[in-house]
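Participant: Structure incoming, see below.
The values are calculated or read from the model by the stated rules, or taken from the named source; none is laboratory data. If you're wondering where the values come from, they're calculated on a predicted model, not measured in any experiment. Glycine gets a Cβ as well: all are built from the backbone with ideal geometry, and neighbour counts include every protein chain shown. Note: accessible area is taken over every heavy atom of the protein model, side chains too, but ligands, DNA and RNA are not part of it. Shrake-Rupley method; radii C 1.70, N 1.55, O 1.52, S 1.80 Å.
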Amino acid sequence: MKKIFFLFICCGFLASLCRAQDINRSAFIKDSLDVYISRALTNWRIPGVAVCVIKDDKVIVMKGYGIKELGLNDKVDKNTLFMIGSNTKAFTATALAMLQSTNRLSLDDKVTKYLPDFKLENKAATEQVTIRDLLCHRIGFETFQGDFTFYNTNLTRDQIIAKMSLVKAAYPFRSKWGYTNSAFLTAGEIISWASGKMWEDYVHDNIFVPLGMENTLTLTRQLPSSVNKSVPHTIVDGRLTAIPFAQLDGLAPAASICSSVNDLSKWVMALLNNGKVSNKQVIPASAIEATRQPQDIVGNVHHLNGETDEEQYGLGWFLQDYAGHHLVMHDGGVNGYLSSVTLSPQDHLGIIVLTNTDKNEFFDALRWEIMDAYFKMPYRNYSDIYLKRYKAKTAKEQLADKHLRDSVALNLPPGMPVDNYTGKYHNELYGNMVVTRGEGNDLEMRFEHHPKMFVRLQPLGGNRFYATFSDPAYGKAVFPFLFKSGKIVSVRIKVDDEIERNPYEFTKVD
């Protein structure tokens with residue numbers, strides 16, 4: 001009863017503050033933010049959040065909320081490390097722009113000038129692709145194309161870059177924007193050729209150290225041994241669950257940095273101050289400007305205030321206009337973490353949100369709430385609006401999954417004897433996969449480049465199987481086995497859309 005009464009009081013308090021904010025919106029940051037975030041942690045089932053707001057060269061808010069790991073009372077603080085995923089990309093793009101500012105390279109140099117063995121399937125694209133093309137996602141790949149092969153894998157950086165030549169690009173070269181992690185990896189590898197330092201060393205020595213980002217890590221493999229770290233979480237069958245740390249160092253320049261709001265505040269402050277820290281020019285202003293120039297059109301974005309604007313991509317940054325304000329922003333999403341970094345340079349405003357679950361949209365909602373407060377926009381309660389949408393989507397997914405589990409419970413026999421499905425399968429891009437027998441009529445899949453992951457296959461009748469990945473990031477799906485003349489010839493595999501959107505066909509070779 002005490003908890004219910006406390007929540008009732010908090011909600012009433014928040015509502016009264018929100019009414020006051022219609023008159024004085026600046027009160028939201030000072031008076032309402034703590035209640036707003038604490039309520040969201042409960043409603044969204046988020047273990048921990050770290051938030052920083054910078055305005056006019058001052059830190060207005062820098063605080064941790066909640067816990068680092070479910071079941072433990074270890075509080076998140078301003079120095080707690082989170083994986084920041086694709087917010088890594090802005091560091092990589094800035095590093096390359098810094099090298100351009102010292103004439104070590106040009107962003108319009110051909111990739112093959114530095115990586116002579118680099119190849120795409122399209123020969124003309126191979127010959128023409130530049131560093132700039134890599135950094136603005138216009139090499140012809142569809143969004144996330146190839147990432148089932150490249151993401152959280154045991155492949156080295158060199159092996160991933162070599163496999164890019166096997167990706168059959170969805171679009172003609174430079175014809176359409178498509179978010180490409182392997183392209184950013186390739187761009188990052190050019191840093192070592194131009195500077196003599198590996199990507200991780202150059203970023204550490206030339207950005208982290210001068211900015212005083214003392215706790216930030218360049219590689220995900222360093223995070224598990226860190227003392228002040230958050231643990232990744234997700235929702236599995238309706239339960240909030242801690243999950244293993246992803247290993248993303250094969251795609252390091254695209255996704256591997258781990259940081260805190262304290263360290264990231266120094267990065268954001270420098271970006272808002274044209275690269276200066278006090279009177280020292282740490283990042284050339286020309287390098288910052290280079291990353292913010294629009295390079296390609298992403299599509300239209302619809303805001304809750306009724307505006308529809310064109311979203312563009314610079315180099316490692318999304319670019320939007322909102323209510324008369326030009327925004328420079330990016331999200332980061334990897335197993336168990338979601339984050340956002342947002343700049344409004346004309347307002348000298350920066351917002352950082354880090355969370356340790358990958359099943360929330362609060363990381364996005366909070367930045368818009370904070371921006372609206374500073375831009376004197378009406379209070380909208382983005383968190384509740386996003387949560388309602390999220391719950392509707394989740395309910396739909398759960399219903400579809402229930403139908404499949406109900407079909408499994410019918411114990412429908414496979415279309416062929418179980419042993420017919422077992423054996424070795426091959427995909428030209430990915431490599432090898434093996435199917436073995438499980439319990440009863442179940443099957444099990446294991447992939448050579450994801451050695452810690454397996455897939456449980458349960459019969460749905462005929463040659464269709466309900467597939468559950470041991471790593472929940474890869475989702476659940478229906479895998480059809482294809483046959484010809486009474487023999488299994490291949491199987492079509494589909495992972496979660498947040499990993500890769502198109503299926504892979506593995507051909508049976510043994």
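Participant: Using a 10 Å cut-off on Cβ atoms, rank the peptides 279-285, 496-502, 81-87 from the highest mean neighbour count down. Provide the component values of the computation, followed by the final result.
Facilitator: On the way: 279-285: 14.3, 496-502: 16.1, 81-87: 27.1.
Result, highest mean Cβ count within 10 Å first: 81-87, 496-502, 279-285.
Participant: While we're looking at this one, here's another question. Accessible area per residue for segment 112-251 in Å², computed with a 1.4 Å probe and the full protein assembly in place, what is it? Don't jump to the answer; show the numbers that get you there.
Facilitator: Values: 5570 Å² over 140 residues.
On a per-residue basis, 40 Å².
Participant: How long is segment 355-455 along each principal axis, judged by its Cα atoms, biggest number first, in Å?
Facilitator: Computed over the Cα atoms, the extents are 66, 34, 22 Å.
Participant: Summarise the accessible area of segment 377-510 (1.4 Å probe, protein heavy atoms) by the percent that is carbon and sulfur. Present the calculation step by step, with values, prior to reporting the outcome.
Facilitator: On the way: 3840 of 7200 Å².
Carbon-and-sulfur percentage of accessible area, whole number: 53.
Participant: Ok, one more. In percent, how large is the relative contact order of the chain, given Cα pairs closer than 8 Å and 6 or more residues apart?
Facilitator: Values: 1082 pairs, mean separation 81.0, N = 510.
Over the chain, the number comes to 16 percent.
Participant: Looking at segment 263-335, which GluC sites (Glu not before Pro) are DSSP coil and have at most 16 other C-beta atoms within 10 Å of their C-beta?
Facilitator: Working: sites: Glu289, Glu307, Glu310, Glu311; in loops: Glu307.
Sparse-neighbourhood loop GluC sites (Glu not before Pro): Glu307.
Participant: What's the percent breakdown of Cα-Cα distances in segment 16-174 across 5 Å bins, shortest bin first?
Facilitator: The percentages, shortest bin first, are 2, 7, 11, 13, 13, 10, 9, 10, 11, 9, 4, 2, 0.
Participant: Ignoring ligands, DNA and RNA, what percent of the accessible area of segment 121-172 is carbon or sulfur (1.4 Å)? Present the calculation step by step, with values, prior to reporting the outcome.
Facilitator: Values: 950 of 1840 Å².
C and S atoms contribute 51 percent here.
Participant: By what distance, in whole Å, do the Cα atoms of segment 89-172 stretch along each of the three principal axes, largest value first?
Facilitator: 36, 29, 22
Participant: I've got another one for you. Taking R0 as 35 Å, what's the FRET efficiency between Lys197 and Lys393 from their Cβ-Cβ distance, rounded to 0.05? The partial results should precede the final answer.
Facilitator: On the way: r = 44 Å, r/R0 = 1.25.
It comes out at approximately 0.20.
Participant: So how exposed is Arg405, as accessible area in Å² (1.4 Å probe, rounded to 10)?
Facilitator: Its heavy atoms expose roughly 110 Å² to the probe.
Participant: Keeping all protein chains in the complex and leaving out DNA, RNA and ligands, what accessible area do you get for His450 with a 1.4 Å probe, in Å² to the nearest 10?
Facilitator: 10
Participant: Could you state the principal axis extents of the C-alpha atoms in segment 415-499, from the largest down, to the nearest angstrom?
Facilitator: Extents along the principal axes: 34, 26, 21 Å.
Participant: Using the Cα gyration tensor of segment 102-247, with a ≥ b ≥ c the square roots of its eigenvalues, what is the shape: rounded (a/c below 1.5), prolate (a/b larger than b/c) or oblate (neither)?
Facilitator: Details: a/c = 2.36, a/b = 1.29, b/c = 1.84.
It is oblate, given that a/c is not under 1.5 and a/b is not larger than b/c.
Participant: Further question: Karplus couplings for segment 189-205 from phi (6.51 cos²θ - 1.76 cosθ + 1.60, θ = phi - 60°), rounded to Hz, Gly and Pro as x?
Facilitator: 5, 5, 4, 5, 6, 8, 10, x, 10, 4, 3, 5, 6, 5, 5, 4, 6
Participant: Same structure again: Please label the shape of segment 168-272 as rounded, prolate or oblate, based on the square roots a ≥ b ≥ c of the eigenvalues of the alpha-carbon gyration tensor (a/c under 1.5 means rounded; beyond that, a/b larger than b/c means prolate, else oblate). Please list the in-between numbers first.
Facilitator: Numbers: a/c = 1.84, a/b = 1.08, b/c = 1.71.
Here segment 168-272 falls in the oblate category.
Participant: Still on this model: Based on the Kirkwood radius over alpha-carbon pairs, what value in µm²/s does the Stokes-Einstein equation return for the translational diffusion coefficient of segment 61-108 at 10 °C and 1.306 mPa s? Numbers along the way, then the final one.
Facilitator: Working: Rh = 13.7 Å.
In µm²/s, the coefficient rounds to 116.
Participant: Computed from the coordinates I sent, Cα extents along the principal axes in Å equals one of (i) 72, 67, 44; (ii) 72, 59, 41; (iii) 75, 71, 44. Tell me the label.
Facilitator: The value matching this structure is (i).
Participant: Give me the percent of the accessible area of segment 285-343 that comes from carbon and sulfur atoms, probe 1.4 Å, all protein chains in place. Please list the in-between numbers first.
Facilitator: Numbers: 920 of 1990 Å².
Of all accessible area on segment 285-343, carbon and sulfur atoms account for 46 percent.
Participant: Indicate the gyration tensor shape class of segment 450-489 (rounded, prolate or oblate), computed on the Cα atoms with a ≥ b ≥ c the square roots of the eigenvalues: a/c under 1.5 is rounded; otherwise a/b larger than b/c is prolate and the rest oblate. Display every interim value, and only then the final one.
Facilitator: Values: a/c = 3.30, a/b = 1.98, b/c = 1.67.
Here segment 450-489 falls in the prolate category.
Participant: Can I ask one more? For segment 249-351, what is one quarter of the convex hull surface built on the Cα atoms, given in nm²?
Facilitator: On the way: hull surface 31.6 nm².
Convex hull of Cα atoms, orientation-averaged projection: 7.9 nm².
Participant: A further question on this structure: Considering only the other residues whose Cβ falls under 10 Å of the Cβ of Leu166, what net charge follows from Lys and Arg at +1 and Asp and Glu at -1?
Facilitator: On the way: positive: Lys119, Lys163, Lys168; negative: Glu121, Glu428.
Overall, the nearby charge balance is +1.
Participant: Here's a follow-up. At 7 Å along the Cα-to-beta-carbon direction for both Asp117 and Ser286, put a label point, then send me their distance in nm to one decimal.
Facilitator: That separation, rounded to one decimal, is 3.4 nm.
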